[in-house]
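This report concerns only the one structure given below.
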Amino acid sequence: MKLPSSFYAPLAIGAPEPLRTLPIRLERMVHFVPPHLEKIRAKIPDLIGQVDVILGNLEDAIPADAKEAARAGFIELAQGNDFGQTGLWTRINALNSPWVLDDLIEIVAAVGNKLDVVMLPKVEGSWDIHYLDQLLAQLEAKHGVEQPIQIHAILETAQGVKNVDSIAQASPRMHGMSLGPADLAASRAMKTTRVGGGHPDYGVLADETEQGGERAFFQQDLWHYTIARMVDACASNGIKPLYGPFADFSDPAACESQFRNAFLQGCLGAWSLHPSQIDIAKTVFSPNADEVAMAKRILEAMPDGTGAAMIDGKMQDDATWKQAKVIVDLAKLVSKKDPERAALYDV
Ligand code: GLV
Ligand code: MG
């Protein structure tokens, strides 16, 4: 076992000190772009003001013959723009692929000081994080990178779900995790052909009644168990859970419902794969103004966070105070980036 005292030691001589607390950043949506397409790269300056995170995707959805162009396109877009408070991430290819080594070597060399997070797909266990952790430290040392580049794992294999706790605590570089429902469905041999969302056949049939008649069928959430496991693993290790992709762009209501279930369960954001999903994510992952108003009343009624208070007939205590604090803190963070919502929240 690695000694606790060496957990925070840099893994290469000259690499930056690992972070002890995560930077506080708004990450309501991680907006995916295919960096090999010039017309997409041309839109980056506009996108920077609209989204919380821009991610250059190098993995699935990028054709094999465009992998090098996507890597070069990512470097170009990273060098050519000032991202300000907007996060810059990349999703590298899987660790067993022919592209990943060059993805890391070339990207850290060229733009290591601009890159916030590397998203690692198909993570199976802590060993994948350890490998990437060591390699990033070597590259950071070689190229004089000043802040450690963080790792965000995709939870998208059955083995990964089984090992989710040890993945979450594998390194101080861990930023968080996203659910990858498409690969996870394949890995589990689920009988679906979708990327996120529910399935009309997955549900509960109401009992038969003496009166007979049609029995109601209630569709259930296929992802509830996995999201709950991911949220517990992340929350207990102080890292961030995000919901991943929802690929049916023709059904914004279903996308919003999937995002909202994840938000209510503890996720802080989701991926946007299409510009129409940016506003859905903003709506869902920014707290509701009525909820913020109620949370402010709870905090005001219990200034030191202890004891009990009655508000509109509902008892409040230390536990509701803590929930209220989560909402008000999030509202403050959103207010810094989003003037429209700042006016609604008044925090
Ligand atoms: C995302 O990568 C997924 O597989 O759902
Ligand atoms: Mg995937």
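The values are calculated or read from the model by the stated rules, or taken from the named source; none is laboratory data. Keep in mind that this is a model prediction, so the values were computed, not measured. We place every Cβ from the backbone using ideal geometry, glycine too, and count neighbours over all the protein chains shown. To get the accessible areas, we keep the full protein, side chains included, count just its heavy atoms, and leave off ligands, DNA and RNA. Shrake-Rupley method; radii C 1.70, N 1.55, O 1.52, S 1.80 Å.
Remark: the range 270-275, residue by residue, has Karplus-estimated 3J(HN,Hα) of 8, 8, 10, 9, 9, x Hz, where x stands for each Gly or Pro and the curve is 6.51 cos²θ - 1.76 cosθ + 1.60 at θ = phi - 60°.
Residues in the range 330-340 carry Karplus couplings, in order, of 5, 4, 5, 5, 4, 4, 5, 9, 10, x, 4 Hz; the curve used is 6.51 cos²θ - 1.76 cosθ + 1.60 with θ = phi - 60°, and Gly or Pro positions show x. Within the range 109-143, list the residues whose amide N lies under 11 Å from a label point set 7 Å along Cα→Cβ of F83. Residues 111-119 qualify, since their backbone N sits under 11 Å from the label point.
Using a Förster radius of 35 Å, what is the FRET efficiency between A235 and D201 based on their Cβ-Cβ separation? Nearest 0.05, please. Efficiency, rounded to the nearest 0.05: 0.65. Just checking the listed ones, S272, S236, S166: in the Gaussian network model of the chain with Cα springs under 10 Å, the one fluctuating most is S236.
Summing -39500 (n - 2.57) over the DSSP H runs of n ≥ 4 in the chain and dividing by its residue number, what mean residue ellipticity at 222 nm do you reach, to the nearest 500 deg cm²/dmol? Intermediate results must be reported in sequence, preceding the final value.
Working: 15 runs with 152 residues, N = 347.
It lands at -13000 deg cm²/dmol.
What separates the Cα centres of the range 244-271 and the range 110-166 is a distance of 25 Å.
What pairs from K240/K282; K2/K240; K240/K325; K282/K337; K39/K337 go past 19 Å between their alpha carbons? Beyond 19 Å between Cα atoms: K2/K240; K39/K337.
Computed from the C-beta positions of K332 and H274, the FRET efficiency with R₀ = 30 Å rounds to 0.55.
In debye, nearest 20, what is the charge dipole magnitude of the chain about its Cα centre with +1 on Lys and Arg Cβ and -1 on Asp and Glu Cβ, if you could check? Working shown, then result.
Values: 32 positive and 45 negative charges, 128 e Å.
Using only the charged Cβ atoms, the result is roughly 620 debye.
The distance between label points at Y8 and A308 comes to 4.0 nm (points 7 Å beyond Cα on the Cα→Cβ vector).
Projected label points at A64 and D165, each 7 Å from Cα along the beta carbon direction, are separated by 4.0 nanometres. Percent relative contact order of the chain, based on C-alpha pairs within less than 8 angstrom and at least six residues apart? This gives 14 percent for the chain. Size descriptors for the range 232-347: radius of gyration and Dmax over Cα atoms are 15.8, 49 Å. Computed from Cα positions, the angle between helix 126-143 and the longest principal axis of the chain comes to roughly 50 degrees. With the convex hull constructed from alpha-carbon coordinates only, the chain shows a mean projected area of 21.8 nm² over all directions. Computed with a 1.4 Å probe over protein heavy atoms only, the accessible area of Y131 comes to about 110 Å². In this structure, the amide hydrogen of L155, modeled 1.01 Å from its nitrogen in the peptide plane, lies closer than 5 angstrom to those of S178, L179, G180, counting only residues at least 5 positions away or on a different chain.
Note on K191: lysines with a C-alpha under 24 Å away, same-chain residues under 8 apart excluded, are K122, K162.
Determine the sum of side-chain charges near L22: Lys and Arg each +1, Asp and Glu each -1, restricted to other residues whose C-beta is under 12 angstrom from that of L22. Intermediate results must be reported in sequence, preceding the final value.
Values: positive: R20, R25, R173, K240; negative: E27, D116.
Overall, the nearby charge balance is +2.
Here's how it looks for M174: its modeled amide H is under 5 Å from those of I151, which are all 5 or more places away or on a different chain. Rounded to 0.05, the FRET efficiency of the T283 and K142 pair, given R0 = 41 Å and the Cβ-Cβ distance, is 0.45. The 3J(HN,Hα) values that the Karplus relation (6.51, -1.76, 1.60; θ = phi - 60°) gives for the range 190-201 are, in residue order, 5, 9, 10, 10, 10, 10, x, x, x, 9, x, 8 Hz. Gly and Pro appear as x.
Of the residues P63, P275, P172, the one that moves most in a GNM of the chain with alpha-carbon contacts below 10 Å is P63. For the range 291-345, the spherically averaged projection of the C-alpha convex hull amounts to 3.6 nm². Placing a label point 7 Å from the Cα of I24 along the Cα-to-Cβ direction, the residues of the range 260-279 with a backbone N closer than 20 Å are 266-269.
Order these peptides, 143-154, 74-85, by their mean beta-carbon neighbour count within 10 angstrom, highest first.
Numbers: 143-154: 20.4, 74-85: 15.8.
The densest-packed peptide leads the list: 143-154, 74-85.
Distance distribution note for the range 39-93: the fraction of Cα pairs above 18 angstrom is 29%. Seen against the Cα atoms of the chain and their longest principal axis, helix 276-285 is set at about 60 degrees. Counting only residues at least eight positions apart within a chain, or on another chain, the aspartates and glutamates with an alpha carbon under 20 Å from that of K67 are E38, E59, E76, D102, D103, E106, D183.
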